[in-house]
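A short reminder: the numbers here are calculations on the coordinates, not readings from a lab. Keep in mind the model is a prediction, meaning the values are calculated, not measured. Note that we place each Cβ from the backbone using ideal geometry, even for glycine, and neighbour counts take in every protein chain shown.
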Amino acid sequence: MTTTSGDQPRHDWQDDEVLLHDLVAALRHADAAGQPLPDPRAEQMADAAWAWRDLDAELAALVHDSALEGASGMRAARVTTRTLMFMSGPHGVDIEVTDDALVGQLCPAEVGSVVLVTLAGEQAPVETDEYGSFVLDRPAEGGVLRLRCRSASGVLVTDWFVL
Amino acid sequence: MRRAAASTSPPDSSGWKTAVMPHEVSVSELATRAMDGDQQAWRALVDRYHPLVRSVVRGYRLSAADTEDVLQTVWLRLVEHLADLRDAQALPKWLMTTARRECLRVLRTGSRTVPMDPLDTMPIPEQPDRGQVDDGLLAAERREALLVAFATLSDRHRELLLLLAADPPVPYAEISRRLAIPVGSIGPTRARALARLRLAPTLAGHLADAGAPTLPPQSPLGAQAPSTRR
């Protein structure tokens, strides 16, 4: 950014350094003035959310997340196993997050299959046992995910969440 | 800034959404249209509230990866919960609450804590108009032109320039990882992004004022690279 360090301002925007410098200054000025900067991520996030809408399934909302429970502080939440509960009316899914797996159960208990969905795609479905319990491999990479559960009651998708 | 964006000729599809969907459209109408399957309305809704959500998230000083997860989670959830929000007035509160809860979740489940969001790490300059104090109006006009031109760039080009603008500087290795391009092509890509910036209609007059040719030598390379991320 030394190209404009002299007393004489330069406006030669054919010069890459000058153009970049002035652009950065404009972005920072807008930021300082509280003007919303165009965020390159906003549109791709909007499009991802749009593309992944699941219009046919019943949406089970996140109603409990142990990571958010308890005023007793962060340490307690960190040492215990994280549990999540998703509900839609009488139907729901409970999930327990271990180091390498998602252990869950359909509620009420019924036989079905469960698919882990990430923004990269869907994994192979896993069958539940007779009590509706299932174990999914915890995805190695982070990121946003959801479960889609198919049973005699229909198709249920959880809210998106992050491990 | 937005009015100027809307009054110039609309950029191509990678440009600013507000150019397509004017700000006068009410939030409840955008939400209704989005629920009816209008993707442009959905984009406009996200565009309008993304700064709000980002301002909530930045307060938690999360890593870039965590910030991205939180922002993405908020929009993934909203698109499916629009129908639950009976009143458009409830939308900002819903967004802020969802974002806060996700940020708390990040903090409590333990994660990286290095703030790396290039938009959030830009310091406030003491004198953004250094060298242009005598000509405040012109300076404002030039900044406006740059910002509008910037908004017409492709996602990749915008992201690269934002990363290059970050202070402290983002290492090239990190830029390479985030944009999925080799370190060696960052320089050429930067040159193409800047060449593209010069081609924006709002910069034409300013380039002419400088007495320089309108088309930079790199213009054949200025063709927009397809966005391959995600």
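Report, by chain and number, residues whose modeled amide H sits under 5 Å from the one on A:THR128, excluding near sequence neighbours (fewer than 5 apart, same chain). Here A:GLY112, A:SER113, A:VAL114 satisfy the definition.
Let me confirm one metric for peptide B:146-157, namely the mean number of other chain beta-carbon atoms within 10 Å of its residues' beta-carbons.
On the way: counts 10, 8, 2, 4, 7, 3, 1, 2, 1, 6, 1, 1.
Taking all residues of B:146-157 together, the mean is 4.
Each residue of region B:60-67 was assigned a 3J(HN,Hα) from its phi angle through the Karplus curve 6.51 cos²θ - 1.76 cosθ + 1.60 (θ = phi - 60°); the sequence is 8, 6, 7, 5, 4, 5, 5, 4 Hz, with glycine and proline shown as x.
Cβ under 13 Å from A:SER151's Cβ, A:SER151 left aside: what net charge do those residues give with Lys, Arg +1 and Asp, Glu -1?
Once all neighbours under 13 Å are counted, the net charge is -3.
By the beta-carbon count within 10 Å of each Cβ, the least crowded to most crowded order of B:LEU153, A:LEU136, fewest first, is A:LEU136, B:LEU153.
Sorting B:82-88, B:199-205, B:185-191 by average packing, meaning the other beta carbons within 10 Å per residue, from highest down gives B:199-205, B:185-191, B:82-88. For region A:90-105, the Karplus equation 6.51 cos²θ - 1.76 cosθ + 1.60, evaluated at θ = phi - 60°, returns couplings of x, 9, x, 9, 10, 10, 10, 9, 9, 4, 10, 8, 10, 9, x, 8 Hz by residue, with Gly and Pro reported as x. For A:VAL144, the residues whose modelled amide H falls within less than 5 Å of its own, excluding neighbours fewer than 5 places apart on the same chain, are A:LEU119.
Mind checking the mean number of beta-carbon atoms from other chains within 10 Å of the Cβ atoms in B:74-84? Intermediate values should be presented prior to the final figure.
Working: counts 3, 11, 12, 9, 2, 9, 12, 3, 1, 1, 2.
Mean shielding count: 6.
Just to confirm a number: summing +1 for Lys and Arg and -1 for Asp and Glu over residues other than A:ASP100 whose beta-carbon lies under 15 angstrom from that of A:ASP100, what do you get? After counting each charged neighbour, the total is -2.
Taking 4 °C and 1.567 mPa s as conditions, region A:58-162 diffuses translationally at an estimated 93 µm²/s according to Stokes-Einstein applied to its Kirkwood radius (Cα pairs).
Residues B:CYS103, A:CYS107, A:CYS149, arranged from fewest to most other Cβ atoms within 10 angstrom of their Cβ, appear as A:CYS107, B:CYS103, A:CYS149.
Database remark: amide H of A:ALA60 closer than 5 angstrom to the amide H of A:VAL157, A:THR158, A:ASP159 (H placed geometrically; neighbours at sequence offset of 5 or more, or on other chains; Pro and chain starts carry no H). Of the residues B:MET96, A:MET45, the one with the fewest other Cβ atoms within 10 Å heads the list, and the complete ranking is B:MET96, A:MET45.
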